[in-house]
Amino acid sequence: MIPAEFDYAAPESLEEAIRLLEEVGEDAKLLAGGHSLIPLMKVRLAAPTMLVDLRRVPGLRGVESGDSELRIGAMTPHAELADARAGLLAETAGTIADQQVRNRGTIGGSLAHGDPASDLPAVVLAAEGSVTLAGPGGQREVAAADLFQDYLTTAVGPDEVMTEVRVPKLSGYGYGHRKFNRRAEDWAMVGVCALVKDSGGTCEDVRIGLTHMGSVPLRATAAEDALRGQPLDRERIAGAAEHAADGTSPPGDLNAMPEYKQHLARVLTRRALEEAAGLGG
Ligand SMILES: Cc1cc2nc3c(=O)[nH]c(=O)nc-3n(C[C@H](O)[C@H](O)[C@H](O)COP(=O)(O)OP(=O)(O)OC[C@H]3O[C@@H](n4cnc5c(N)ncnc54)[C@H](O)[C@@H]3O)c2cc1C
């Protein structure tokens, strides 16, 4: 439970942070809230020789509401996001772990870490958001659909800092979120978020994000396709939700067999969709 020895730096600018990452190379790691990285270091599944702490870098924290999108600083802690007027993102952030974890853990850390059990990645994926990455060559924008590559593997380069998360506001969409865990304030065995656009009783658009149903967060595209263009009633929603686990192969673990997780995905999708469609859930 004692990490390997490492150096520590707390740069005061983004440029300095990037320069340190470039100098040290792959053995350097950024430190945000430390609630995923430090536990890994303690069991020596990660052993960076240098931690570059982002806490003094200005401009990386806060939620800004523009006309069409939310811009969330990567160092914004879950607790701050949960208190913001940020719809599905705020509701989901409020279900992460306990108050202590929400006070320290950040949206940037959650998205850059790429743990499929994390709650916010599926929301940013379903909302078709994106992240801004700053590196030695400048900035680039990466769509959430291209960010999550494999278990604990994202498109964030070793010399890049995620600075911002951008999420379309999706006005006119209702939303619902369901998370199933065995203990309160724990990781999701399975989580589902849904966004539904109701146009006079018909489903004009629907997006469904799945947490912990594979090595990366997923969209339940078969369920989305089954509901899009259909009347928004309980029967159609239940029929579409039956497709929520199509094409998934969730890993079995101490909590559940893959088949049980697929069952959960179908049930939670129905409930999240009903909530998003204003039918109670
Ligand atoms: C007891 C416990 C329970 C938890 N339960 C949940 C839960 O229910 N749901 C959930 O979603 N999460 C849960 N978490 C995880 C928590 O939300 C983490 O805080 C989050 O996943 C990582 O954020 P962090 O700021 O702590 O990142 P860190 O641990 O500091 O960093 C994680 C990784 O991301 C990299 N990184 C961090 N910031 C950036 C950046 N700006 N740019 C590029 N790379 C960056 C780091 O180098 C590191 O590799 C739990 C954690 C604990 C300890």
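Some points to look at:
- Oblate is the label for region 5-92, because a/c, from the alpha-carbon gyration tensor with a ≥ b ≥ c as root eigenvalues, is 1.5 or above and a/b does not exceed b/c.
- Close amide-amide hydrogen proximity is noted between Leu30 and Val52, each under 5 Å apart and 5 or more residues distant or on a separate chain (H modeled in the peptide plane; Pro and chain starts excluded).
- Residues with amide H under 5 Å from that of Glu69, placed H, sequence gap 5 or more: Lys169
- Under 5 Å between amide hydrogens, built in the peptide plane, is the criterion, and for Gln230 it picks out Cys203 among residues at least 5 positions away or on other chains.
- Most mobile of Gly66, Gly94, Gly109 in a GNM of the chain (Cα contacts under 10 Å): Gly66
- Whole-Å distance, taken between Cα centres, linking region 1-60 and region 254-281: 37 Å
- Shown here: the chain, whose C-alpha atoms stretch 58, 45, 31 Å along the first, second and third principal axes, sorted largest to smallest.
- Proximal lysines relative to Lys261, as straight alpha-carbon distance under 26 Å, when same-chain residues fewer than 8 apart are discounted: Lys179
- Total formal charge among the other residues, if their Cβ is under 14 angstrom from that of Val131, Lys/Arg +1 and Asp/Glu -1: -3
- Positive-pole candidate from Thr49, Ala241, Thr221, dipole of the chain, charges at beta carbon: Ala241
- The residues neighbouring Arg61, those whose beta-carbon lies less than 12 Å from its own, together hold a net charge of 0 under the Lys/Arg +1, Asp/Glu -1 convention.
- Averaging the Cα positions of each part gives two centres, and for region 125-174 and region 68-98 these lie 15 Å apart.
- The phi torsions of region 89-99, fed into the Karplus equation with coefficients 6.51, -1.76 and 1.60 and a -60° offset, translate into couplings of 4, 5, 4, 5, 4, x, 9, 6, 6, 10, 4 Hz, rounded to whole numbers, with Gly and Pro shown as x.
- Heavy-atom accessible surface of the chain: percent carbon and sulfur, 1.4 Å: 46 percent
- For region 57-105, the set of trypsin sites (Lys or Arg not before Pro) satisfying both a DSSP loop assignment and a count of at most 11 other C-beta atoms within 10 Å is given as Arg85.
- For region 82-133, size of Cβ-based charge dipole, Lys and Arg +1, Asp and Glu -1, in debye: 140 debye
- Backbone geometry of region 206-214 corresponds, through the Karplus equation with coefficients 6.51, -1.76 and 1.60 at θ = phi - 60°, to 3J(HN,Hα) couplings of 8, 10, 10, x, 10, 9, 6, 10, x Hz, x marking Gly and Pro.
- Expected 222 nm ellipticity per residue - DSSP helices of 4 or more, -39500 (n - 2.57), all of the chain, to 500: -8500 deg cm²/dmol
- Karplus-derived HN-Hα couplings along region 172-183 (A = 6.51, B = -1.76, C = 1.60, θ = phi - 60°), whole Hz, x at Gly and Pro: x, 9, x, 9, x, 9, 9, 10, 10, 9, 7, 10
- Only Lys, Arg (+1) and Asp, Glu (-1) charged, at Cβ; the chain dipole about Cα centre in debye: 800 debye
- Lysines with Cα under 20 Å of Lys169, excluding same-chain neighbours fewer than 8 positions away: Lys197
The values are calculated or read from the model by the stated rules, or taken from the named source; none is laboratory data. If you're wondering where the values come from, they're calculated on a predicted model, not measured in any experiment. Reconstructed Cβ throughout: ideal geometry from the backbone, glycine too, with neighbour counts over all protein chains shown. Ligands, DNA and RNA are excluded from the accessible area calculation, which covers all protein heavy atoms including side chains. Shrake-Rupley method; radii C 1.70, N 1.55, O 1.52, S 1.80 Å.
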